[in-house]
Amino acid sequence: MASLNDDECTPLLQPSNTGDVVESPQQNKSRWWSIRVMYLTMFLSSVGFSIVMTSIWPYLQKIDASADTSFLGWVIASFSLGQMLASLFFGFWSNHRPRREPLVVSISIMIAASVLYAYVHVPTSHNKYYMLISRALVGFGSGNVAVVRSYVAGATSLSERTSAMANVSAFQALGFILGPAFQACFTLIGEQGVIFQAIYLQVNMYTAPALMGALLGIINIILVFAVFREHTVDDLGKKIPSINSDTDDSNQDSEEAVDQVAVISSNILFFVILFCFALFETIATPLTMDMYAWSRSKAVFYNGVILAAIGFESMIVFIVVKILSKKVEERVLLLGGLVIIWVGFFILLPWGTEFPKIQWTDFQNNTIHNSSLWDSFTTAPSNHTVEPTGCPASQSWCFYTPVIHLAQYLTSDILIGVGYPTCNVMSYTLYSKIIGPKPQGVYMGWLTAAGSIARTLGPVFVSQIYTHLGPRWTFSLTCAIVAVSILLLVSVYKRLIAFSVKYGRV
């Protein structure tokens, strides 16, 4: 038994040492294989979000010319809005029924929505609204992350929890890595791609990622039926009846109350963390197209590579976090991650005297009061067959806001790639430990909902502020939000401790 645990504790994607766990080797093996299926489910939920992230904006422009950056914010936010509603529903469902049920239903919805995304170009009008619906349904299917997190929390002991939660987040990060990487590879297909006229399907650089997501979802359902089984252990690792079974679960109810201040504070902090990352993801493609005059295909490819690199960086961070968590408190790591995120956004503030290139075609039917700017753009060549690049003239801030240099952008990417995964793992780990032995489906539903609200408001916030006020206001406000969250963490620092530690059980 000891050798089994020792073998499990070393690699990143293996569970950590469990100590004395009262279960048979067969039960231990089944428990960890079920947890690994949850890792895969988290990976696919992440891929469903990230695999089209860098191409949504150019695809939206291609299928519906009336779509602007404000509508882009709503399209991206629709995923998180759907996830927010579903996480509460699936979390409640998982507390009272076998988890296989909400898992299969949610994944099936994701598959259907991914197929719909591949067909949004077919209707002759209102295409942007079909894309909005498809992304909302993909998000609804991704509400199963609450089920995943609650299962992993309930199927691991206190000593295993940080490692297992880090693994869940590692698979989530792996989804963010491979999603943009797949999209970057699919750019080789081109915008035309291959057309299957009989079924009205066009497989191109925009639709192929969604179809791949549907295929992975089918594989996920097969594994849920073939491998996944319900397992529950207490904080010391002793096997107990599942909260989803028909057995009496009264022994899992605790007389001590969960610290609601710690719970609410954890939800707020998680909201800020996801808000910042959603903002960062949303702004990447429009920002680089505006600042560096990248074409649609270049922006999709380069940002796909950058996001994939951030994902690989996050994997390294997860390894480091798992090691550090054995010597450094989770609260300290969470605080450090927030500080790094703040520095990352602070670096993005524009400075200098160099200004972005303007899309001169936007000036043709407008009156320009700045003669020097007018002179510089009336001399531009009038070739409408070439895709216009640069900062659109409709965004007035383009004329007076300095360029965010590529070095600034890449440095910020690196810092956020360190701060976000650190905060993500520590938030989930602390939250599950604060809740303790109580059924965590609904609690994890609330935490997932907080993250989903952040992913809903983040894109809307950045699309509105960025479009009308520019990057200076966008990143200044973001820095202020992160600073307030740091103060909140400091104020509740002493309350963010494990339930079993608080009441002297461990």
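Length gain on complete extension for the stretch Ala480 to Thr124, per 0.36 nm per residue less the alpha carbon to alpha carbon distance?
123.8 nm is the gain from fully extending Ala480 to Thr124.
How charged is the neighbourhood of Leu85? Take every other residue with its Cβ under 14 Å from the Cβ of Leu85, and add Lys/Arg as +1 and Asp/Glu as -1.
Taking every other residue near Leu85 into account, the sum is +2.
Cross-link candidates for Lys128: which lysines have Cα within less than 17 Å, leaving aside residues fewer than 8 places away along the same chain?
Leaving aside lysines fewer than 8 places away in the same chain, those within reach of Lys128 are Lys62.
Taking the Cβ of Ser266 as the centre, find all other residues whose Cβ is under 12 Å away and add up their charges (Lys, Arg: +1; Asp, Glu: -1).
Local net charge: +1.
What does the charge add up to near Val168, with Lys and Arg as +1, Asp and Glu as -1, over the other residues with Cβ less than 11 Å from its Cβ?
+3
Exceeding 25 Å between C-alpha atoms, which entries from my cross-link table qualify? They are Lys239/Lys327; Lys29/Lys238; Lys298/Lys357; Lys239/Lys494; Lys322/Lys494.
Lys239/Lys327; Lys239/Lys494
For Val332 and Phe346, calculate 0.36 nm times their separation in residues minus their Cα-Cα distance, and state this gained length in nm to one decimal.
2.9 nm is the gain from fully extending Val332 to Phe346.
Quick query: amide H of Gln359 versus all other amide H atoms, modeled in the peptide plane; which residues come in under 5 Å with a sequence gap of 5 or more or a different chain?
Cys391, Ala393
Per the Kirkwood treatment, what hydrodynamic radius in Å, one decimal, follows for region 192-239 from the mean inverse distance over all distinct Cα pairs?
Value: 14.1 Å, from the Cα pair sum.
Between Tyr400 and Ser108, what length in nm is gained on full extension when 0.36 nm per residue of separation is reduced by their alpha carbon distance?
100.3 nm
For region 393-478, list log₁₀ I(q)/I(0) at each q in 0.17, 0.24 Å⁻¹, using the Debye formula over Cα point scatterers of equal strength and ignoring solvent, two decimals each.
One equal scatterer on each Cα of region 393-478 leads to -0.88, -1.22.
Read-outs: derived from the displayed coordinates by stated rules, not from any lab. Note that the coordinates shown come from a computational prediction; the quantities given were computed from them, not determined experimentally. Methodologically, a virtual Cβ is constructed for each residue, glycine included, from the backbone with ideal geometry; neighbour enumeration extends over all protein chains shown.
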